[in-house]
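Trainee: Below you will find the structure I want to go over with you.
FYI, it's all coordinate maths here, none of it is from the lab. It should be emphasised that the depicted structure is a prediction, and the values quoted were computed from it without experimental measurement. Glycine also receives a Cβ, built like all others from the backbone with ideal geometry; neighbour counts cover every protein chain displayed.
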Amino acid sequence: MQEQHAATAFITVQFLKSVRLFSNLSRAEIEQIKPNFFPRKYRRRETIFLKGDPCQTLYIIHTGQVKLSEISESGREQALLILNKGDFFDVVPIIDGGPYPTTATALSNVLLYAIYKQDFLTITSEYPVVANAVLPYLGGIMREMADLVADISFEGMTVRIAKLILRYAEIQGVPTPDGVLVKRTLTHQEIADILGTDREVVTRSLIDLQKQGVIDMKEGKQILIKDVGKLQNK
């Protein structure tokens, strides 16, 4: 892991303004808080922190993706959330003083901006609009996790994979004359970890969707959604 601390040379007002926590701050206010952030780089599959580690830092994703997961005593992993650019984690232990409640892993090479716990708490006390933005964000995270649990509990595998593909399409889908092109940054095993199944089941389900003409598996880990409506109705 490569760590740097010359933050102001890298982080921009524009980026912090795009993060929901700080979107209601003025540019002048963001200039004031900007020196508190420092960059950290992690390679694909590198652990950022483990469940139970003391919480010292809040992270914001600048580039790449991060997975938050639970690992059972038997070693089975269940991914809980996939986070993307502009998402921040993990604010819960900063608020309640506990350890990290999940394990965070880089799904790709990532650039994060970090802020120490006490610096973040100081910002929330000085700028109430930041504190007020925390609760709605946590509500959205809880809703997303509840949806994932419901999918795992009640939906068939094809439906669960279809929903995951559509979620990626919303974030990074590119419209083309043939459909919506989605770059698949997850391996079949990582998809299986998210959906609580085996890699072979994921592979079979993707092949089934391709045979049905709903998607087309492209080179370079890309998926072409040929019929968004059919995928939504799975």
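Trainee: Expressed as a rounded percentage, what relative contact order does segment 118-234 have, with Cα pairs under 8 Å and six or more residues apart?
Mentor: So the answer I get is 23 percent.
Trainee: Test of understanding: express the Cα radius of gyration of the chain as a ratio to 2.2 N^0.38 Å, with N the residue count.
Mentor: 1.08
Trainee: Can you give the helix-only mean residue ellipticity at 222 nm for the chain, where every DSSP H stretch with n ≥ 4 adds -39500 (n - 2.57) and the sum goes over all residues, rounded to the nearest 500 deg cm²/dmol?
Mentor: -12500 deg cm²/dmol
Trainee: Compute the orientation-averaged projected area for segment 98-196 from the convex hull of its Cα atoms and round it to one decimal in nm². It would help to have the intermediate numbers written out before the result.
Mentor: Details: hull surface 36.6 nm².
Its average projected convex-hull area is 9.2 nm².
Trainee: So which of LYS51/LYS183; LYS41/LYS218; LYS183/LYS226; LYS41/LYS85; LYS17/LYS183; LYS17/LYS67 end up more than 19 Å apart, counting from Cα to Cα?
Mentor: Numbers: LYS51/LYS183 29 Å; LYS41/LYS218 29 Å; LYS183/LYS226 14 Å; LYS41/LYS85 14 Å; LYS17/LYS183 26 Å; LYS17/LYS67 24 Å.
Cα-Cα > 19 Å for LYS51/LYS183; LYS41/LYS218; LYS17/LYS183; LYS17/LYS67; rest within.
Trainee: Also: If you line up the long axis of helix 128-154 against the longest principal axis of the chain, both from Cα atoms, how many degrees apart are they, to the nearest 10?
Mentor: Here the helix axis deviates by roughly 20 degrees.
Trainee: For the chain, take the longest principal axis of its alpha carbons; what is the angle in degrees between that and the long axis of helix 157-172, to the nearest 10 within 0 to 90?
Mentor: 50
Trainee: Ok, one more. May I ask for the angle, rounded to the nearest 10°, between helix 117-126 and the longest principal axis of the chain, with both axes built from Cα atoms and the value confined to 0 to 90°?
Mentor: That works out to roughly 70 degrees.
Trainee: Please find, in a Gaussian network model of the chain (springs between Cα atoms separated by less than 10 Å), the residue of GLY140, GLY86, GLY173 whose mean-square fluctuation is greatest.
Mentor: Comparing GLY140, GLY86, GLY173 in the GNM, the peak value goes to GLY140.
Trainee: Given a cut-off of under 8 Å on Cα pairs at least six residues apart, what relative contact order in percent is computed for the chain?
Mentor: 18
Trainee: Give, in nm to one decimal, the length gained when the segment between ASN109 and GLU200 is fully stretched (0.36 nm per residue of separation minus the Cα-Cα distance).
Mentor: Working: separation 91, 0.36 × 91 = 32.76 nm, distance 2.58 nm.
Difference between extended and current length: 30.2 nm.
Trainee: If R₀ is 22 angstrom, what is the calculated FRET efficiency for the pair TYR116 and GLN78, using the beta carbon separation as r and rounding to 0.05?
Mentor: 0.15
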